[in-house]
1. Which ³J(HN,Hα) values, rounded to whole Hz and listed in residue order, are derived for segment 305-318 from phi using the Karplus coefficients 6.51, -1.76 and 1.60 in 6.51 cos²θ - 1.76 cosθ + 1.60 with θ = phi - 60°, glycine and proline given as x?
2. Over the residues of segment 173-240, compute the C-alpha Rg and express it relative to 2.2 N^0.38 Å.
3. Ratio of segment 121-207's C-alpha Rg to 2.2 N^0.38 Å, to two decimals?
4. Per 0.36 nm of contour for each residue apart, how much would the distance between residue 13 and residue 194 grow if the chain were fully extended, relative to their Cα-Cα spacing?
5. For residue 26 and residue 185, what does the FRET efficiency come to when R0 = 45 Å and r is the distance between their Cβ atoms, rounded to the nearest 0.05?
6. Which residues in segment 74-102 place their backbone N less than 17 Å from a point set 7 Å from the Cα of residue 150 along the Cα-to-Cβ direction?
7. Taking only Cα atoms, what is the 0 to 90° angle, nearest 10, from helix 88-103's long axis to the longest principal axis of the chain?
8. Would you mind checking 119/261; 227/327; 132/342; 22/134; 134/201; 119/157 for any pair whose Cα atoms are more than 21 angstrom apart?
Amino acid sequence: MATVCYQLDTRREKKDGTYPIKLYIRHKSRILISTDFCATPRTWTGTEYSKEAKSYKAKNVAIRNLINRVEMLIVMLDNNQKLKSMSDAALKDYISKSIKNESTCKTFVTYLDEFIETKTKGNTIELYKATKNKILAYDPACTFETITKKWLESFNKWLKDTGMKTNSISIHLRNIRAVFNYAIDNEETELYPFRKFAIEKEETRKRSLRPEQLATLRDFNGEEYQKEYQDIFMLMFYLIGINAIDLFNLKQIVDGRIEYKREKTGKLYSIKVEPEAMEIINRYKGNRFLLNTLETNDYNYRKYMAAMNRGLQKLGNFERKGLGGKKIRDILFPGITSYWAKHIKVNI
């Protein structure tokens with residue numbers, strides 16, 4: 001039966017200094033078929049990309065997928081007793097056309113793009129686009145047919161090898177699952193590789209503060225720039241753990257209450273503004289919005305929250321080593337973020 005491997009064709013150098021990688025098929029004689037891959041002698045080991053090649057792991061996955069598809073075509077021809085009678089030219093034409101037809105099929109990323117278009121919330125769109133970028137780096141030609149349990153396991157391992165944490169990986173896998181569900185609902189596919197594939201989840205440590213810790217955060221006399229972040233954290237707590245984007249989108253108080261639809265779920269909330277919360281609101285009263293906190297941050301709440309989290313994580317006494325030296329801090333709340341305000345169930 002015909003055998004398949006890759007060959008770096010160094011007969012003609014491309015403009016970017018690389019050479020084309022071609023499929024080498026040994027049938028009656030030698031067959032060379034062009035691919036979309038290229039490399040230099042330095043980035044090609046003879047069978048795969050070396051570690052010196054950019055994104056070498058993703059590229060090696062892609063070349064293995066292609067050679068597996070070609071080998072499957074040859075096996076099918078052999079099983080149907082057609083291979084022996086085919087000339088080299090006929091086999092080359094058959095494989096070339098089959099690969100071309102596969103490349104024009106709708107890929108999973110195409111469906112992912114369609115799915116993203118159904119979303120309206122910026123955060124959600126960004127999460128799915130992040131998943132799209134991971135898939136494009138790993139296996140851009142994947143389809144519903146090629147995404148199997150084995151593919152998911154391999155993708156999961158590849159993400160881990162890049163240093164990604166388990167819970168971050170689970171977001172990408174859940175996004176892929178959502179696209180499968182969308183396609184099934186729209187009768188685009190009946191395939192569902194998640195029946196036998198479990199998405200891992202890692203328990204995170206409890207993100208909350210005890211009553212005495214919350215009082216310390218409220219009253220701690222830190223650096224001047226940290227005071228605003230302490231106040232905003234406390235305001236989020238006083239407003240029953242309101243999310244940052246919802247807090248910064250507030251425009252007014254009505255009859256002593258704030259009323260808003262949560263950005264993430266669309267659920268309506270009506271929360272009484274207690275005196276402690278009102279004191280903070282008056283301190284940071286804004287023009288366009290209830291608070292002025294984003295007016296000096298280009299109304300970019302992500303930028304503000306990143307700075308706020310960094311500021312809160314540096315709360316604590318410190319001493320400076322030497323004149324103008326580095327601050328040595330005794331951190332009060334390691335790892336704290338604004339999200340912790342959502343989980344505090346105490347009164348102070």
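Bear in mind these aren't lab numbers, they're just calculated from the coordinates by the rules spelled out. Keep in mind that this is a model prediction, so the values were computed, not measured. Cβ coordinates were reconstructed from backbone atoms using ideal geometry, including for glycine residues, and neighbour counts include every protein chain displayed.
1. Result, ordered by residue: 5, 5, 5, 4, 5, 4, x, 5, 6, 9, 4, x, 5, 8 Hz.
2. Numbers: Rg = 22.3 Å, N = 68, 2.2 N^0.38 = 10.9 Å.
So the Cα radius of gyration is 2.04 times the expected 2.2 N^0.38 Å.
3. Relative to the rule-of-thumb radius for its length, segment 121-207 sits at 1.11.
4. 60.7 nm is the gain from fully extending residue 13 to residue 194.
5. Once the sixth-power term is evaluated, E becomes 0.45.
6. Counting backbone N atoms under 17 Å from the label point, the list is 74-76.
7. The angle comes out at about 20 degrees.
8. Pairs exceeding 21 Å: 132/342; 22/134; 119/157.
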